[in-house]
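The values are calculated or read from the model by the stated rules, or taken from the named source; none is laboratory data. Not measured: the values here are computed from a predicted model. Positions of Cβ are generated from backbone atoms using ideal geometry, with glycine treated the same way; all protein chains shown enter the neighbour counts. In case anyone asks, the SASA skips ligands and DNA or RNA and just uses the protein heavy atoms, side chains included. Shrake-Rupley method; radii C 1.70, N 1.55, O 1.52, S 1.80 Å.
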Amino acid sequence: MNTPNIAKEDIINAFQFRHATKEFDSTKTVSDEDMNFILKTANLSPSSFGFEPWHFVVIQDKELRELLKPVAWGAPLKLDTASHFVLGLSMKAPMVKHDTDYIMHMMKDVKKLPEDVIEMYSKFYREFQENDFDLDTDKKLFDWSSKQTYIALANMMTSAALTGIDSCPIEGFHQEKAEALLKDKFGIDTDKYGLSFMVAFGYRKEAPTHEKTRRDFNDMITWK
């Protein structure tokens, strides 16, 4: 594995280039190679304890995209024009509570930890949930999973921008209605997964009409 040597100005340029694309050029398609690259950066994203509490569903079927429109007020134009449309799912309590089969699978089969390390890791994770972060309800556990899933979202959008591909993250949806639809029409087990966000990828139809605005750099940084 080589040490990365990407020019800083190229990275900053990608962040300047990225914007929440409201309408995509429907005649342009992100290649399979490029989309798999974007998804791979989600796969390689960090997560708390390395437990990867996420799943991503790529919705390319036009009929399924149409079904999403009534429950996602922020998505219709993107659903019509984006090359690829992704649902970011986060794991609920039956998947990420300290004593679940999934957590044991991650430690034993994915991380391939020895038994003594699994025992130690399990104690740390239980202590983290019950005391350090007070994750004592299903809602708190889902919100914790969502925070991890947003790390993958940020990496996908950044990797897209670095390769000249546009994106738009979407929280404009009714969560309860959207999850009912996902269970009924998309075959998603909503006892195990909840919808954290949607994100569209493609190529902008038009250049942004406004310059990127941010708070002054020195207002958001404190050195001690």
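Points to keep in mind about this one:
- Residues of segment 57-98 classified as open to solvent by 80 Å² or more (accessible area, probe 1.4 Å) and either at pLDDT below 95 or basic (Lys, Arg) (or both), total: 2
- Residue in segment 141-157 that is of a type outside the set (Val, Ile, Thr), open to solvent by 90 Å² or more (accessible area, probe 1.4 Å) and under 13 Å from SER196 (Cβ atoms) present: yes
- Top-ranked residue of segment 1-22 - restricted to ones that are out of contact with any strand residue (DSSP E or B) (no Cβ under 8 Å at 6 or more places or on another chain) and part of a loop (DSSP other than H, G, I, E, B), ranked as modelled with the lowest pLDDT: MET1
- Number of residues in segment 165-182 that are open to solvent by 10 Å² or more (accessible area, probe 1.4 Å) and under 19 Å from the mean Cα position of the chain (by Cα) equals 7.
Per-residue answers, yes or no, for (1) in contact with a strand residue (DSSP E or B) (Cβ under 8 Å, 6 or more places away or on another chain); (2) over 22 Å from HIS174 (Cβ atoms):
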{"site": "GLN60", "(1), (2)": "yes, yes"}
{"site": "ALA75", "(1), (2)": "yes, no"}
{"site": "LEU79", "(1), (2)": "yes, no"}
{"site": "ALA82", "(1), (2)": "yes, no"}
{"site": "VAL86", "(1), (2)": "yes, no"}
{"site": "LYS92", "(1), (2)": "yes, no"}
{"site": "HIS98", "(1), (2)": "no, yes"}
{"site": "HIS105", "(1), (2)": "no, yes"}
{"site": "PRO114", "(1), (2)": "no, yes"}
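- Annotation: of all residues in segment 38-49 being of a type in the set (A, V, I, L, M) and open to solvent by 20 Å² or more (accessible area, probe 1.4 Å), the one that is nearest to GLU179 (Cα to Cα) is LEU39.
- Lone qualifier among VAL86, VAL30 - being of a type outside the set (Gly, Ala, Ser), in contact (Cβ under 8 Å) with a residue 12 or more places away in the chain, outside any helix (DSSP H, G or I) and under 22 Å from TRP144 (Cα atoms): VAL86
- Scanning segment 183-220 for residues that are among the aliphatic types (A, V, I, L, M), open to solvent by less than 100 Å² (accessible area, probe 1.4 Å) and under 23 Å from GLN148 (Cα atoms) returns ILE188, LEU195, MET198, VAL199, ALA200.
- The one condition in (1) within 18 Å of ILE170 (Cβ to Cβ); (2) under 16 Å from the mean Cα position of the chain (by Cα); (3) open to solvent by 30 Å² or more (accessible area, probe 1.4 Å) that GLU52 fails to fulfil: (1)
- Residues in segment 1-33 that are open to solvent by 50 Å² or more (accessible area, probe 1.4 Å) and charged (D, E, K, R): LYS8, GLU9, ASP10, ARG18, LYS22, GLU23, LYS28, ASP32, GLU33.
- Close pairs (7 angstrom Cβ cut-off, 6 or more residues apart or separate chains): closer than 23 Å to ILE165 by Cβ and touching a residue at least 24 places away in the same chain (Cβ under 8 Å) in segment 177-204, charged (D, E, K, R) and surrounded by fewer than 19 Cβ atoms within 10 Å (Cβ to Cβ) anywhere: PHE197/GLU171; GLY202/ASP25; GLY202/LYS28; TYR203/ASP25; TYR203/LYS28; ARG204/ASP25
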